[in-house]
Each structure stands twice: as C-alpha cells, then as structure tokens.
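Please read the structure below before turning to the comments.
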C-alpha cells in the first residue's frame, strides 16, 4: 500500500508531503484545485514519461517520492530479476531535471522507466475516465474474464510458446525464400564447382608446375650450363678441383708447424669435400636431363587451365581459387540439404501448434467456467447500483487463429432494460451506466487480482443520489481487502471514507499554489456540507453531513 507521497516543484505544487492509511481514502476539492496535478505526480512515480513543462520552477529539479509497504505482495522475485534490493518498505523516487533529463530510483537503485512502470503496475491501479472507455475494448474485456478464470499462468505460458511459434514460422519462411533463390543459382554453382573439382587444385601446385615448365622448356640451355660447370670443376690443368688438390697438399705440409696451420688445412679439406660433392651433383643433374615434349605439353595445359580459372573467378592466387571452391561446396551442400532443414522446421511449427492448441483449449475451458460467475456477479452488483434489469451476454468462440491471448473470439454484449436488444457496450451503455459497470468490474478484479492499491478518479461521473451511496458502499467494501483512493464530487461517496483529504489552491504573494490537507472530523462535516449545499452552508446541510458521516 501507498504509505506516503512527497512532491516538490511540480506544476502548482512547490512542496507537498502527505501520509496515507489503509482503507478508503477520500480526496475532494473544487474543480481546478489541482486533483489532476496530484494524479499526474503519482503517474510519474508509476513510470509515465516526464514533461519539462510540468516543472513549477524551471531552475530547479522536480522530485517525487512515494513510500510503499509491500511485504504481503510476493514481489521478491521481481526485485531479484531486476537486481534491486528488496525492502518491505520500498521507496520509489523520480527526478526531472531542468535540462529535461529524467531519473528514476527504486530503493536508491537507478532503474529504467520500463522497470519502474512494471513495478508500478503491480502496486497501484489508477482508474481514470479514460480507463472507463477501455471497458469497450476487446483486450480489456478479455482481461476481466481471464482474471476471474485464473488464467494468468496459462496465458504466460501461452505467450512464451506463441513467441517461439512466431520465431519458428519466421525462420521457416526465411528458409523457403532462401531455397527459392538458391535453386535459381544451384545449377550454375554446381557447374562452377565441378569445373574447379576436376582441376584437382592443391596448395603450392601452381609454383611447382611453373618450375617444372621452366625446367622442361629450357633443357638445352640447362644442359650446356651444367656441362660448362662440370668442365670448370674437373679440368686436369686449370680445373677448380685440380687446383684445390695442390692447395690442399701445400697446406698439409705446414700442419706440423703449428695448430693454426692444421686448422687452415682442415678448412681447405672441408672445401675440397664440398666441391667434390658439388661436382658429382652437377654430373648427376646433367645426366638426368631429358627432353619430354608430351610432359611439357601436359604441364603447359595444366597451367593454362589454372590461369583461365583465375581469370574467370578474378583470383590472383591459387589459394583464392581453393577458397572459392570451398564456398561453392558449401552453397551447393546447403541448397541440397535445405529440404531436410525445411522439413525439420515444419515439424517444429506443427509441434508448437499442438502445444498452443492444448494451452488455448485450457484457457478456453477456464473462460467458459468463469463467464457465468462473472455475469452473475455483475448483474447482482448492478442491481444494487440501480440497474435492476441489466443483463450480459458473454461468450467465447473457438477460432483457428492464434491471438495474443489465445484462440478465442469474445462476445461481450449488454442490455440495460427489459425488452432491449443486446449490443456492444460502446453502443448501448450511457456514460453513467459505463461508470457503474466499471466499478462493478473493478470490485471483482480487486478480489481476483489482489492489487495492493486502487485509485478511482471521478468514477462517479453521471450518477447521483442513492446510486452514489451504493457506489460508496462498494468502494468501502473493496477497502477491507485493499487500499482504495477515490477522487469524488459526491457527498454520499465522500462520507464513506476512513480518511479525507482536501485539495485546494492558495495564493501567496500573488503566486498560486496547490495544497493538500487531511481533514479532521469537524472539517469533514463542513466539506461534505459544502458538497451538499454550496459555500453558504445551511444548518440542514450540516445536519445532513453529520448524518452521512454517522
């Protein structure tokens, strides 16, 4: 329940601090006194978007703070999920800065407006005249029935499954569209892939083929140079090996004269061994040379094929061709496997439809069982509110469509008088009748939804006399199980409250302020007497006010 409210620098309010009790709280005041301002400030606490124009002083920030006692309302899971410290006495604060920026806090933890609104919807239900108009909306009518039907958990599970179902259908359609596009390219991609696969490309192949081609294409020149090299190495008179043999012999004779000469000999000997090995390798290479026109033609053909493929695929390196081949393999494979993947998603969609059908059937059954209870309650309540012939024709029909709240279409018809045809509320119910119907609905919702606090903003519009007295009785009855606020102009309702606040304007130094005051017993009598007879209070109005309060 809301235990206190503090408002600073908002609209006509410079500073306001009020404490509230449980039960039925009445708020009255002349038209234009600022009751709507009070609701506006409270709405900011509940996550409404801020308006910079609502600051009283444009140089100071607006701060609105509300204290709630929430121990009985099982909100620990919400606080844990939002990563906020849970406190039985929870404080919500909203700040609007002169710059236009807005900040929100729950127990001093900064939160987003979405989190604030989510918590607010579980703490207070503000009923305005606009919400009365919502009574004619299909979604709101479903909410009424589902509250009585205790469909909350089933609808939550259905909603999650429906989300999965829409995601699965979207993926299935994506695959079907992709397959249609892929099939257009499949034959061409398969042709390109076959061409690359038949080339039997491998990493490093191009460099090897180019080296082999150069060797076979220049056999004569290579042979001549190898022969000349061999001649330089092995000539008897001036050959390198012959001269090195003489050098080796001369150095060997010096070896006995010192270690440095022996080291020199060892180095010359190593060179001689290496050159001898080179001479043999040059001879082997020369003897292995042979012309092979057929092999040369084959290598040239292979090279030309690779060059043509590189040009065709705009590939500079052979490795790029291999990457293109791999990509084509994946495209072709994906296209060929799409049928199986589409089949899997089709089966998944069918499975989800079966699960949704099962959940929707349970929701439908609960609704059918709840509708007679709801109709009976509303008709009995409206009888007490001066509508003895009010009747409802409420029903749910199964469809084949998956809606956000099940598979049902709702029929919510109303007749206010005997012999009148049933019709939609927005067509056959007057403003006063809608107010009474909404109050009856709120009273049953309060029982089933167990909201901590509800606030009625002039729900008594269009009613008076004994009817308003009955409306007050209903609100007083609701207040035994929850905290109820009502903003009213009717004395019969105002007298039902356990506490009574008056909103009024005060001029200070030619500046108008909105104030809020809790009335004592005598002040209540006077306020209700004014509501009965105007500013000039008569003795009969005072007597009537006392009678109402007693």
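What the table shows:
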| item | result |
| --- | --- |
| Selected residue (criterion: surrounded by the most Cβ atoms within 10 Å (Cβ to Cβ)) from residues of the stretch 120-137 that are modelled with pLDDT of 85 or more and over 25 Å from the mean Cα position of the chain (by Cα) | 126 |
| Set 459, 528: member being surrounded by 21 or more Cβ atoms within 10 Å (Cβ to Cβ) and closer than 22 Å to residue 42 by Cβ | 459 |
| Sole residue being over 19 Å from residue 482 (Cα atoms), free of Cβ contacts under 8 Å to residues at least 40 places away in the same chain and either surrounded by 17 or more Cβ atoms within 10 Å (Cβ to Cβ) or in the same structural domain as residue 501 (by TED's automatic domain parsing) (or both), chosen from 58, 101 | 101 |
| Residue 517 vs. criteria within 18 Å of residue 4 (Cβ to Cβ) and either touching a strand residue (DSSP E or B) at 6+ places or on another chain (Cβ under 6 Å) or surrounded by 21 or more Cβ atoms within 10 Å (Cβ to Cβ) (or both) | yes |
| Residue within the stretch 235-256 that is over 30 Å from residue 220 (Cβ atoms), in the same structural domain as residue 212 (by TED's automatic domain parsing) and not in a helix (DSSP H, G or I) present | no |
| Test: residue in the stretch 186-196 that is surrounded by 15 or more Cβ atoms within 10 Å (Cβ to Cβ), over 19 Å from the mean Cα position of the chain (by Cα) and not in a helix (DSSP H, G or I) | no |
| Residue check for residue 212: touching a helix residue (DSSP H, G or I) at 6+ places or on another chain (Cβ under 9 Å), assigned to a helix (DSSP H, G or I) and modelled with pLDDT under 85 | yes |
| Subset of the stretch 488-520 [touching a residue at least 40 places away in the same chain (Cβ under 8 Å) and under 17 Å from residue 15 (Cα atoms)] | 501, 502, 503, 504, 505, 512, 513, 514, 515, 516, 518 |
| Of residues in the stretch 389-429 being within 40 Å of the chain's Cα centre (by Cα) and assigned to a loop (DSSP other than H, G, I, E, B), the one surrounded by the fewest Cβ atoms within 10 Å (Cβ to Cβ) | 404 |
| Test for residue 449: is it modelled with pLDDT of 85 or more and either surrounded by fewer than 20 Cβ atoms within 10 Å (Cβ to Cβ) or in contact with a helix residue (DSSP H, G or I) (Cβ under 9 Å, 6 or more places away or on another chain) (or both) | no |
| Evaluation of residue 481 against (1) in contact with a helix residue (DSSP H, G or I) (Cβ under 6 Å, 6 or more places away or on another chain); (2) part of a loop (DSSP other than H, G, I, E, B); (3) under 28 Å from residue 120 (Cα atoms) (one fails), failing number | (1) |
| Any hit, the stretch 65-84, residues being surrounded by 16 or more Cβ atoms within 10 Å (Cβ to Cβ) and farther than 22 Å from residue 453 by Cβ | no |
| Close pairs (8 angstrom Cβ cut-off, 6 or more residues apart or separate chains): more than 17 Å from residue 347 (Cα to Cα) in the stretch 148-171, surrounded by fewer than 18 Cβ atoms within 10 Å (Cβ to Cβ) anywhere | 148/373; 148/448; 149/369; 150/448; 154/362; 159/404 |
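The values are calculated or read from the model by the stated rules, or taken from the named source; none is laboratory data. All values reported here derive from a predicted model rather than from experimental measurement. Neighbour counts run over all protein chains shown; Cβ positions are idealised from the backbone, glycine included.
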